[in-house]
Amino acid sequence: MIFEHLSAGGCQSYLVGCADTCAAALIDPEISLIDRYLALAARDGLRIHYLIDTHTHADHFSATRQLARRLDAPIAMHRASPAPGVELTLEDGELLAVGKLRLRVLHTPGHTRDSMCLQVEDRVFTGDTLLIGATGRTDLPSGDPEALYDSLFNSLLRLDPALRVHPAHEYKGRSHTTIGDELAANPRLQKRDRAQFVEMMRSLNLGMPTHLTEALRTNMSGGKTVAQMLAEAAEHVPFMALAELKSRIEAEHPGLIVLDVREREAWEGGRIPGAKLLPRGQLELRVNQDLPDPTLRIVVYCELGRISTLAAATLREMGFQRAVALDGGMQAWREAGYPTQVGTPG
Ligand SMILES: [Fe+2]
């Protein structure tokens, strides 16, 4: 078995491949690692056949949809998953064939209703059902401590104690543990009475994960994250460095329009000298009137250098093929000590 373990923050993902056939499955891929998954699969000579989410993640951005499109491979999740685009729905006890490997599905609701674990050979991918020294929380949407109790004590923990446990989250850099180790030492598994376990889970009082709303929105709807919107726009837009723009506006004939897409108040409060105001919210509607010549070279900027990327991409889409975005925003311009202009030009 070919096995690769990748970490992004505390999020763990796994590439599992059959050495005989070169077939592979990717478990819980995270959006920031897409290039690494593809590079690893290529390096190991693997073709990814399945993109698997062990559950609907509330705290990481799943890469299954983007990879499914790129690799022409199905997304596999438990049948209870609300996520759109799941082509392969799985149920308890079923097997997923990855070349000669067999990934066995255990439905383990509790952290979420659609949680599952996957056992293959000497190891089990436990998603957020069982973590190293902890369990998944049960206070997020579709969580249920009673169900988690059953999933752990009547299913997962009855597997061979020697099985290696690979969770979907690990924050202390440990690579794995075993079922036996967890039974012996995991503090949350010491309450073996159902009522006591449920009571403990209900009283954990954990803080909300960062990006909860955005992760649930995108993972459940198939929509894009803000970072994805920006990255996609950036793929279609060249950038200009702050120092380059400064030297160009200091030249006699800069040969470009500097376009400020912030609101009027911000523009009046301090702008790049000579910048023309066209707020992002009015861009499409005012473009014909304010920028009649689509052959002009335009440098777009905003406060932080993010909205300007979207605005420059929009301008390019509208035919302004020389629109570029400033690499950095007004904030960076001020911090660099570059000149600014204030007030309304008379
Ligand atoms: Fe989770």
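A few remarks follow.
- Scanning the stretch 188-201 turns up at least one residue that is in the same structural domain as Pro29 (by TED's automatic domain parsing), without any contact (Cβ under 8 Å) to a residue 60 or more places away in the chain, more than 20 Å from the chain's Cα centre (by Cα) and exposed (fewer than 12 other Cβ atoms within 10 Å of the Cβ).
- A single entry from Gly274, Gly269 fulfils the requirement of being under 18 Å from Met330 (Cα atoms), touching a strand residue (DSSP E or B) at 6+ places or on another chain (Cβ under 9 Å) and surrounded by fewer than 14 Cβ atoms within 10 Å (Cβ to Cβ): Gly274.
- So His236, is it in a loop (DSSP other than H, G, I, E, B), in contact with a helix residue (DSSP H, G or I) (Cβ under 7 Å, 6 or more places away or on another chain) and assigned by TED's automatic domain parsing to the domain that holds Thr314: yes
- Residue in the stretch 12-22 that is within 16 Å of the ligand (Cβ to nearest atom), part of a loop (DSSP other than H, G, I, E, B), within 18 Å of the chain's Cα centre (by Cα) and in the same structural domain as Thr112 (by TED's automatic domain parsing) present: no
- Scanning the stretch 1-11 for residues that are farther than 16 Å from Arg123 by Cα and in a loop (DSSP other than H, G, I, E, B) returns Gly9, Gly10.
- Test: Ser151 is under 21 Å from the mean Cα position of the chain (by Cα) and either surrounded by 24 or more Cβ atoms within 10 Å (Cβ to Cβ) or not assigned by TED's automatic domain parsing to the domain that holds Gly17 (or both): no
- Yes/no for His111 being assigned to a loop (DSSP other than H, G, I, E, B) and either buried (at least 20 other Cβ atoms within 10 Å of the Cβ) or of a type in the set (S, T, N, Q) (or both): yes
- Filter pass, Val258 being closer than 21 Å to Trp333 by Cβ and surrounded by 15 or more Cβ atoms within 10 Å (Cβ to Cβ): yes
- Criterion violated by Arg104 - all others in (1) in a strand (DSSP E or B); (2) within 16 Å of the ligand (Cβ to nearest atom); (3) among the basic types (Lys, Arg) satisfied: (2)
- Check on Ala162, among the aliphatic types (A, V, I, L, M) and within 16 Å of the ligand (Cβ to nearest atom): no
- Here Ala185 meets each of (1) surrounded by fewer than 16 Cβ atoms within 10 Å (Cβ to Cβ); (2) under 26 Å from Ala25 (Cα atoms); (3) in contact (Cβ under 8 Å) with a residue 12 or more places away in the chain with one exception, condition (2).
- Residue in the stretch 143-154 that is free of Cβ contacts under 8 Å to residues at least 24 places away in the same chain and more than 14 Å from the ligand (Cβ to nearest atom) present: yes
- Candidate set from the stretch 51-99 (those that are charged (D, E, K, R), under 23 Å from Leu6 (Cα atoms) and more than 16 Å from the ligand (Cβ to nearest atom)); member that is surrounded by the most Cβ atoms within 10 Å (Cβ to Cβ): Arg65
- Which listed residue is modelled with pLDDT of 95 or more and of a type outside the set (Asp, Glu), from Leu278, Leu230: Leu278
The values are calculated or read from the model by the stated rules, or taken from the named source; none is laboratory data. Keep in mind that this is a model prediction, so the values were computed, not measured. We place every Cβ from the backbone using ideal geometry, glycine too, and count neighbours over all the protein chains shown.
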